[in-house]
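Student: Mind having a look at this structure? Questions to follow.
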Amino acid sequence: MRVIQLIFIELAAAIVGRFARPEPGTPARPTPAVLALAGSPVAQAGRADSVAAFALRQLGAPYRYAGTSPTAGFDCSGFVQYVYGHFGVAVPHATALLISAGRAVPRADARPGDLVVFAGTAPGSTTAGHAGIVVSAAGAVPVRFVHASSARRESGVKVSTIEGTGYETRFLQVRRVLD
């Protein structure tokens, strides 16, 4: 069933991409030949790097509760959904559901394009309440991630680190969505 879904998504992306005109300054979308190679390890690594790079291009976008666009603003799950969606990967717009996206990998194995999920800010919370996308090199410490933050001091899309911050105590999982 998943194979049929992927084929349908790739076909739809190819059809839509054929008629869409990219905005100036945006990179070209992959051709169907590139999409056909998407399952290869090299293509997946390149795709993950592309996801991380696209996520970083959203830096400075405003924070907005339930937001899903760079102009109106993002919340954390809307940001994650927007970035992965740009590459044809469907993820939920609910942080509590993102903890089930993809498969869990050890934090030490985090690589660009991976999803990182944190508990909410309530003391002792163990429920997923925040998410972002890893942008640091594979195996790098500290793990850097880009996310839409509602922090009063610096809200909006920004880069943070896990280690040595409050995110370390709230860390739940790294999820590999692009396999």
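Just so it is clear, none of the values below were taken in a lab; they were calculated from the coordinates. Everything quoted here is computed from the prediction, not taken from an experiment. Every residue, glycine as well, gets a Cβ built from its backbone with ideal geometry; the counts of neighbours run over all protein chains shown.
Student: Which residue is farthest from the chain's Cα centre (by Cα), if the candidates are limited to segment 79-111 and must be over 18 Å from THR165 (Cβ atoms) and surrounded by 24 or more Cβ atoms within 10 Å (Cβ to Cβ)?
Tutor: Once the filter is applied, the top-ranked residue is LEU98.
Student: Right, next: With the structure loaded, tell me whether VAL135 is touching a Lys or Arg at 6+ places or on another chain (Cβ under 8 Å) and among the β-branched types (Val, Ile, Thr) or whether it fails that test.
Tutor: yes
Student: Considering each of VAL157, VAL146 in turn, give the residue that is closer than 14 Å to ALA48 by Cβ and of a type outside the set (Phe, Trp, Tyr).
Tutor: Going through VAL157, VAL146 in turn, just one is closer than 14 Å to ALA48 by Cβ and of a type outside the set (Phe, Trp, Tyr): VAL146.
Student: Okay, next question. Can you tell me which of (1) farther than 15 Å from LEU178 by Cα; (2) buried (at least 21 other Cβ atoms within 10 Å of the Cβ); (3) among the aromatic types (Phe, Trp, Tyr) is the one TYR65 doesn't meet?
Tutor: Condition not satisfied by TYR65: (2).
Student: Give the residues of segment 88-145 that are part of a strand (DSSP E or B), within 21 Å of GLN58 (Cα to Cα) and aliphatic (A, V, I, L, M), sorted by residue number.
Tutor: Listed by number, the residues that qualify are LEU115, VAL116, VAL117, ALA131, ILE133, VAL134.
Student: Another question about this same structure. Residues being of a type outside the set (Val, Ile, Thr) and in contact (Cβ under 8 Å) with a residue 40 or more places away in the chain: count how many of those fall in segment 130-158.
Tutor: Result for segment 130-158: 10.
Student: Return the residues of segment 135-179 that are among the basic types (Lys, Arg), within 15 Å of ALA108 (Cα to Cα) and touching a Ser or Thr at 6+ places or on another chain (Cβ under 9 Å); say none if nothing qualifies.
Tutor: Those that are among the basic types (Lys, Arg), within 15 Å of ALA108 (Cα to Cα) and touching a Ser or Thr at 6+ places or on another chain (Cβ under 9 Å): ARG144, ARG175.
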